[in-house]
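Written below as structure tokens is the structure these notes are about.
The values are calculated or read from the model by the stated rules, or taken from the named source; none is laboratory data. No experiment lies behind these values; they were computed from the predicted model shown. Neighbour counts run over all protein chains shown; Cβ positions are idealised from the backbone, glycine included.
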Amino acid sequence: MLACAAGHADPLQRFVEAAGFRAVDVQTLEGDRYYTKARFPKLDASAFRADADLAAPVRALLLMDSHEGAIPHARYLVDWQPVTPAAQPDDLRHVVDIVRINLGAAVRADAAAAAPPGRVAPAQAFGVGPHVRWRFVMSPLRGMNAGLDAASRRVLSDAEAARLDCLGQPCNALNSAEGPAGRWRAQQSQSAPAASFTRTTPHGPAAAGILEQLVDALGEDAQRGVPFAAQGQRLVFVISSNAGGQEQQVTAVARNALVFDHAVGRQWLRYQQVADQAGRMSTLQEPRR
């Protein structure tokens, strides 16, 4: 339940209850369909929940996918804001907006254009399902780093999906964004996060696992709360699973538009993983103007 002030919904409540969104029951979303051994192999190994330490956008993506079901060809647009009101700097909330675009029909059409008639698998093999948008408000709660306060869901039309921008590319395009041109540098390898959830699927690396690596690579800047911005766009992640090509492949781009550094204006990350090979990450820092 989100708080109201002077009889009016606060900005976070307006965010999660925006036009076209339908509330999702929090208790149902966090139920047995979500907490499974397949998703959390060490489910019963601790008194704490298996996802207690996950960053808010990572947990939100896992919750969304548990409700929607897996699809082989998808693009995720994740917008994350750690929020602290100016008058209450210790009251941390996490505002997460996730769009999942089903690229299955586009991948099938691309394959059909290059194959002899009748040689393309049926639509079900490429993944059938709507484009969806979820909104979450989360906060530290009962031992959870990102306890779930509220969630809502909206189905997007093909036209709405086509109008969305995924860091420089239309979200429904098969081509993936690569970020701006510049001197990208290989990101030093970091210790792998503790394996609290399953990071591989039959379709390749789990998007939530890639998102977790990107969040970790952004460092402390991604954890600092600032006042809520209705339009978001502070911490944006685009993850594309099997958007094109014959092999299983995941690509991702992330942008931090609020770097707490006098010389750096924006920080970018780029990630690529092909089949079962090790992923590669690089970073670009744009100077402050």
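Out of the residues in the stretch 230-250 that are in contact (Cβ under 8 Å) with a residue 24 or more places away in the chain and loosely packed, with under 15 Cβ neighbours inside 10 Å, state the one that is farthest from Phe15 (Cα to Cα).
Glu247
Residues being part of a loop (DSSP other than H, G, I, E, B) and in contact (Cβ under 8 Å) with a residue 60 or more places away in the chain: count how many of those fall in the stretch 13-46.
Looking only at the stretch 13-46, we keep the residues that are part of a loop (DSSP other than H, G, I, E, B), and these are 17-21, 24-25, 30-46.
Subsequent filtering for residues that are in contact (Cβ under 8 Å) with a residue 60 or more places away in the chain retains 17-18, 20-21, 24, 30, 38-42.
Number of matching residues: 11.
Looking for whichever is within 17 Å of the chain's Cα centre (by Cα), farther than 30 Å from Phe126 by Cα and surrounded by 19 or more Cβ atoms within 10 Å (Cβ to Cβ) here; the options are Val16, Val58. Which one fits?
Criteria check complete, one pass: Val16.
A quick yes/no check of all residues on (1) buried (at least 22 other Cβ atoms within 10 Å of the Cβ); (2) free of Cβ contacts under 8 Å to residues at least 24 places away in the same chain; (3) of a type in the set (Ser, Thr, Tyr); (4) assigned to a loop (DSSP other than H, G, I, E, B):
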site: Leu62; (1), (2), (3), (4): yes, no, no, no
site: Ser66; (1), (2), (3), (4): no, no, yes, no
site: Pro85; (1), (2), (3), (4): no, no, no, yes
site: Asp90; (1), (2), (3), (4): no, yes, no, yes
site: Ile98; (1), (2), (3), (4): yes, no, no, no
site: Ala109; (1), (2), (3), (4): no, yes, no, no
site: Gly118; (1), (2), (3), (4): no, yes, no, yes
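Scanning the stretch 129-148 for residues that are surrounded by 11 or more Cβ atoms within 10 Å (Cβ to Cβ) and at pLDDT below 90, which turns out farthest from Val26 (Cα to Cα)?
To start, the set of residues in the stretch 129-148 that are surrounded by 11 or more Cβ atoms within 10 Å (Cβ to Cβ) comprises 129-141, 143-148.
Then keep just the ones that are at pLDDT below 90; that gives 141, 143.
Numbers: Leu141: 13, Gly143: 17 Å.
Result: Gly143.
If you go through the stretch 218-227 one residue at a time, do you hit one that is assigned to a strand (DSSP E or B), without any contact (Cβ under 8 Å) to a residue 24 or more places away in the chain and not hydroxyl-bearing (Ser, Thr, Tyr)? Please lay out each step first, then the result.
In the first step, residues of the stretch 218-227 are kept if they are assigned to a strand (DSSP E or B); the result is 226.
Pick out the ones that are also without any contact (Cβ under 8 Å) to a residue 24 or more places away in the chain and you get none.
No, every residue in the stretch 218-227 fails to be assigned to a strand (DSSP E or B), without any contact (Cβ under 8 Å) to a residue 24 or more places away in the chain and not hydroxyl-bearing (Ser, Thr, Tyr).
Anything in the stretch 232-289 that is of a type in the set (Asp, Glu) and either part of a strand (DSSP E or B) or in contact with a His (Cβ under 9 Å, 6 or more places away or on another chain) (or both)? List them, or say none.
Selection gives Glu286 alone.
Any residue at all in the stretch 212-221 that is of a type in the set (Asp, Glu), within 13 Å of the chain's Cα centre (by Cα) and over 23 Å from Asp165 (Cβ atoms)?
The answer is yes; a qualifying residue exists.
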